[in-house]
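The values are calculated or read from the model by the stated rules, or taken from the named source; none is laboratory data. The structure displayed is predicted, hence computed values, not measured ones. Here the Cβ positions follow ideal geometry from the backbone for every residue, glycine too, while neighbour counts run over all protein chains shown.
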Amino acid sequence: LLAAMQNDIHQLGVVINGGACVDDTDDRGMTALMHACHGGFQATAEVLLRHGADAAKLDNQGLSALCYTCREGHIDLALLLLERAGIEPFEHELHRMLPWVASLLPADHDEGRCKGAAAMLLELALA
């Protein structure tokens, strides 16, 4: 996990070749791929995906690598995840983004507006 968080591809290779599981998690349930996506480390994410990292895995908050990627605005990395992992963004992420989008809206928001805003953000991020 530390190698992915630090974008240290050499150390990541050493750890993976030493038998480490690419889907191990930290105390928040975040995988190395989630950390790489959060940091925008595309090359690190590519290495992890090549070694079988599960892009659909969820952390303790119910967030995936794609959610972290979109939330941080790493468009190229989001496209990589969609392409390599075969993720359908609207099926996979829309309901997970609702709480985050809701936090951006006024307290009196309705769920329909929140869902629409989440869909719009995903469309913009993936356009």
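For the reader, a short list of remarks on this structure follows.
- Long-range neighbours under 8 Å by Cβ, at least six apart or interchain, first residue under 12 Å from A4 (Cα atoms) and without any contact (Cβ under 8 Å) to a residue 60 or more places away in the chain within the range 19-31, second among the hydroxyl-bearing types (S, T, Y) and surrounded by fewer than 15 Cβ atoms within 10 Å (Cβ to Cβ): none
- Selection from the range 1-12 of residues that are outside any loop (DSSP other than H, G, I, E, B) and of a type in the set (A, V, I, L, M): L2, A3, A4, M5, I9, L12
- Count of residues meeting criterion [under 11 Å from the mean Cα position of the chain (by Cα) and touching a residue at least 40 places away in the same chain (Cβ under 8 Å)] in the range 46-72: 1
- Helices (runs of 4 or more DSSP H) contained entirely in the range 13-127, each with at least 1 residues that are surrounded by 19 or more Cβ atoms within 10 Å (Cβ to Cβ), at pLDDT 95 or above and not aromatic (F, W, Y): 32-39, 42-50
- Total residues in the range 1-38, condition of a type in the set (V, I, T), in contact with a His (Cβ under 6 Å, 6 or more places away or on another chain) and closer than 18 Å to L80 by Cα: 1
- Restricting attention to the range 47-59, the residues that are in contact with a helix residue (DSSP H, G or I) (Cβ under 7 Å, 6 or more places away or on another chain) and of a type outside the set (A, V, I, L, M) total 2.
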